[in-house]
Amino acid sequence: MEFEKEAKLYAHEVKREGGEDILYFNFNGSSYPPSIADFPEVMEMTVDALIENPNVSRIVFVTEKNYNYGFKETNYLLEIASLYVFFLKQEEVLSHKKLVTFDESFFPKRYNNLFSFLYMFKKDPVASYYELRRIMINERVIFQRLNGESKIDEGNYLKLLERIFGFVENMKVIRDSLPYLSNYTLGGRGVYSKIFQPDIIPNFTFTRLVGGFPTDAEIVDQYEISTDDFDISNVAILKKKDESKLFYHLSPPESTLTEEENSLLNLARVVLIEHQPKAEEFTNVDRTRKVFFNISKDLIRDLAQTKNIKLDYINLMKLSAILVRHTIGFGLVEVLLKDKNIQDVSLNAPISQTPIYVRHQDYDECTTNILPSREDADSWAAKFRMISGRPLDEANPILDTQLEIDNLRARIAIIQEPLSPEGLAYSIRRHRESPWTLPLFIENKMLNPLAAGLLSFLIDGARTILIAGTRSSGKTSLLGSLMLEINPNSRIITVEDSLELPVEALRALNYDILRMKVRSALLKSGAEVSADDGIRTSLRLGDSSLIVGEVRSVEAKALYEAMRVGALANVVAGTIHGASPYGVFDRVVNDLEVPATSFKATDVIAVANPIKSADGLHSWRRLLQVSEVKKHWKEDPQKEGGFSDLMKYIVEKDELEASDALINGESDVIKDIASKVKGWAGNWDAVYDNILLRSKIKNEIVKVAKSSGKEEILEAKFNVLSNHAFHRISDEVINEVGLPLGDQVFPKWQKWLNNEIKKFKE
């Protein structure tokens, strides 16, 4: 909120926003900051305003930086306001009848004492508490000296004091102050700094940021988020007493700005708002942001010169980045998404009353110190509508889209009324800047080396693979890692309704890849092609591997057409929700109405799901099962032995273990792959040797990355180089001995790896 220029200093008004009443005070031009903790006059004027407006749940003091006091602090002051009115009007503590029973001579002193108490009560309740206690002690001494009617009179007065004191000592502000009163001196306000900690909100944003650490919190971890030298944020992971969920405390550059810097940003924001990008400009987010960043730099530099404010290059760049973030960008959500440890960001309705939650790769779900505003949430929704070209309104209360800023990629799901009766809510899935690889998954224990070798073998064997699991199980990440196992000589077509697969990264690695974006299953109509039409179209685009982002609806039938057509020549793979092979069968056949016989086109189902610790506080992503789908069954693969595990997760070992079917050569899928390779047909030892060879290579990359400190060899670029070297060396060995035997291929590949590591060191 912004006050009109002619608004009086210290004027206040109440606004209804986001389902709550907010009390705004104008402190522009004040000679002192609006600190309730430091200044008794600020506390008093706030209590006076709350006496008039008892339904307020938040207080905002408007200056160059807005000081926001949340529900807890407001409740302290509301209780003071309520008790003040109660003492004066209902208890009538200053009335003659309450202060005197018989002896009129007592009235002036008693009136002055209680008047002094009430005068102090609104501006310093702790001091008034001690003052009232002092008065009671003195009156008890007097009571002991008196007799007759005077003693009765004094006794009645003491009862009034004790009644008032009973209310005061049970106030929340007094109870919560007690732990900090050991060194208290009358009139000292240090105690209030412990319980009145405002969120400082720059005027260029409405989102609140709680600056101080929560009380009774210990630091678990600290680190920096840094993408540029001028845009550095600090993160502290805190453990709060009696809470199992950890606290994610973000300190972005916005929280450390000076008054001059805030003033510059406020002025620049007013200018930039008049030049907001048009809808068509949001189709190229990166280009638009670069243009506005350059405009912001020039604007802030000119404003600084006009105001005689000195800005060095780093601060100019910092302020420009902040300005872009809070005008055409997505505010502090962008800062969160720059944290590589963040997997998910949740903004729940009612959005202005609920902190943002994040899922951290090391600390699971955490509460943050960020409280988004309805204004910012509405602004972000409008931008996502423009970026996606899709509606978000009462008739279409769901929007699935994506955000791409530089290397940052995220999937965005938004819901609103009537589906979300309390307003907008967001669920944001952050994607890794670089694709996951099988070595990375080995390092993170998502799977073990043998599983990596098996999956690599199946991809080279051009099988049809479904990756199943629940939400946040790592399905799409695993699918992306398998795409890197496809030979770059092969063309790849991806079909997605929300762009999550690492297509740009593969394209940068010289993959021949075509992306198709189709209509979401949640949309009934629109300009985009339906998913099933997209899949059918892919079959007419030439010989290609087909990767489907997620099988959700009617496109399942088209996918199985593709599987039947392409299974013998190219990889066909996708993700699907399901907790087991039979769960996938049940979803595909019974929910998505694919004929049971068509389901046999599935060769392999890999099931990924999170596992939890015994205390329920921790979870880890794991590949739990790799099963092949046999072809002999007719109606129910579960009853007729249609599923055969190749690998199964053993919880005691926390890893996958090969089944007897895999070890003993009883896998129909692998034998079918072998039957088409010279030297492998009927030679299970040679086939299994190749799986073990791939496993050994993937594991060696992980071991060398750890021993050499060259973590970059776990990434996609080196993964592609390694695969190329593996295939080249295998071809050389085949020409020499007829088969790509592991004991021949691995030493040569290892020599190649060592040479590559030397290049890194040089």
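The values are calculated or read from the model by the stated rules, or taken from the named source; none is laboratory data. Given the structure is predicted, the values throughout are model-derived calculations rather than measurements. Cβ atoms come from the backbone with ideal geometry, glycine included; neighbour counts cover every protein chain shown. We work out accessible area using only protein heavy atoms, side chains counted, and drop any ligands, DNA or RNA first. Shrake-Rupley method; radii C 1.70, N 1.55, O 1.52, S 1.80 Å.
The mean sequence distance of close C-alpha pairs (under 8 Å, at least 6 residues apart), as a share of the length of the chain, puts its relative contact order at 8 percent. Can you give the % of DSSP beta bridges in the chain that are antiparallel, to the nearest 5? Of those bridges, close to 70 percent are antiparallel.
Converting phi to 3J(HN,Hα) with the Karplus coefficients 6.51, -1.76 and 1.60 and the offset θ = phi - 60°, the stretch 731-739 yields 5, 5, 5, 4, 5, 7, 10, x, 9 Hz in sequence order, with x at every glycine or proline.
Using a 1.4 angstrom probe, figure out how much accessible area the stretch 225-344 has per residue, in square angstrom, rounded to the nearest whole. Can you show the working numbers first?
Details: 5610 Å² over 120 residues.
Counting only protein heavy atoms, the per-residue value for the stretch 225-344 is 47 Å².
May I ask you to derive the FRET efficiency for K653 and E41 from their Cβ-Cβ distance with R0 = 41 Å, giving the value to the nearest 0.05?
Calculated transfer efficiency: 0.05.
Using a 1.4 Å probe on the protein chains only, how many percent of the accessible area of the chain belongs to carbon and sulfur?
On the way: 16870 of 34010 Å².
Heavy-atom surface of the chain belonging to carbon and sulfur, 1.4 Å probe: 50 percent.
Averaging Cα coordinates gives a centre for the stretch 425-448 and one for the stretch 132-158; these two points are 74 Å apart.
A cut-off of 5 Å between modelled amide H atoms, ignoring neighbours fewer than 5 places along the same chain, links I513 with I492. Under a 5 Å amide H cut-off, with hydrogens placed 1.01 Å from N, N28 pairs with Y10 among residues at least 5 apart or on other chains.
Compute the long axis of helix 449-460 from its Cα atoms, compare it with the longest principal axis of the Cα atoms of the chain, and write down the angle in degrees, 0 to 90, nearest 10. Here the helix axis deviates by roughly 60 degrees. Report the residues of the stretch 703-724 in range of a label on F760: point 7 Å along Cα→C-beta, backbone N strictly under 15 Å from it. Residues 703-723 fall inside that zone. With Kirkwood radius over Cα pairs in Å defined as stated, name the option among (i) 29.9; (ii) 30.7; (iii) 27.5 computed from the structure displayed. The listed entry that was calculated here is (ii). Take the Cα of K751, step 7 Å along the line toward its Cβ, and report every residue of the stretch 677-706 whose backbone nitrogen sits under 15 Å from that point. No residue passes the distance filter. Close amide H contacts of I225 (hydrogens built in the peptide plane, cut-off under 5 Å, sequence separation of 5 or more or a different chain): S233, N234, V235.
Highest mean packing first, where packing is the average number of other Cβ atoms within 10 Å per residue, the peptides 308-317, 383-392 line up as 383-392, 308-317. Full extension of the chain segment joining V14 with S675 gains 230.2 nm, where the gain is 0.36 nm per residue of separation less the Cα-Cα distance. For the stretch 637-663 and the stretch 688-762, what is the separation of their Cα centres, given in Å? Rounded to whole Å, the Cα centres lie 28 Å apart.
Just from its helices, what would the mean residue ellipticity at 222 nm be for the chain, if runs of 4 or more DSSP H residues each count -39500 (n - 2.57) and the sum is divided by every residue, rounded to the nearest 500 deg cm²/dmol? Each step should come with its number before you reach the end.
Details: 26 runs with 313 residues, N = 762.
For the chain, the value works out to -13000 deg cm²/dmol.
With R₀ set to 30 Å, the beta-carbon distance separating V270 from E417 gives a calculated FRET efficiency near 0.45.
Name the shape class, rounded, prolate or oblate, that the alpha-carbon gyration tensor gives for the stretch 53-136, where a ≥ b ≥ c are the square roots of its eigenvalues, rounded holds for a/c under 1.5, and otherwise prolate holds if a/b is larger than b/c and oblate otherwise. Can you show the working numbers first?
Values: a/c = 3.43, a/b = 2.43, b/c = 1.41.
Prolate, because a/c is 1.5 or more and a/b exceeds b/c.
For the stretch 143-260, relative contact order (Cα pairs under 8 Å, six or more residues apart, normalised by length) works out to 13 percent. The S30 and Y223 beta-carbon pair, evaluated with R₀ = 45 Å, returns a calculated FRET efficiency of approximately 0.75.
Please give the length that would be gained between F71 and H632 if that part of the chain were fully extended, namely 0.36 nm times their separation in residues minus their C-alpha to C-alpha distance (nm, one decimal).
Working: separation 561, 0.36 × 561 = 201.96 nm, distance 6.47 nm.
That pair, F71 and H632, stretches by 195.5 nm at full extension.
Our note on the geometry: Cα centres of the stretch 33-103 and the stretch 310-326, 40 Å apart. In the structure shown, the pairs K696/K748; K72/K194; K475/K671; K706/K758; K698/K748; K475/K696 are assessed against 18 Å; a Cα-Cα span above that value is assigned to K475/K671; K475/K696.
Only aspartates and glutamates eight or more places from K239 in sequence, or on another chain, were considered; those with a Cα closer than 14 Å are D216, E218, D221, D362, D364, E365. As I understand it, the value is the acute angle between the Cα axis of helix 313-325 and the longest principal axis of the Cα atoms of the chain; what does it come to in degrees, rounded to 10? In the chain, helix 313-325 runs at an angle near 90 degrees to the longest axis. Of the peptides 210-216, 89-95, the ranking by mean beta-carbon count within 10 Å, highest at the top, reads 210-216, 89-95. For the stretch 371-469, the relative contact order is 15 percent, taking Cα pairs closer than 8 Å that sit 6 or more residues apart in sequence and dividing their mean separation by the residue count. Here the extension length gained between K241 and K159 equals 25.6 nm, from 0.36 nm per residue of separation less the Cα-Cα distance. The packing ranking, built from the mean of other Cβ atoms within 10 Å per residue, places the peptides 644-651, 165-172 in the order 644-651, 165-172, highest first.
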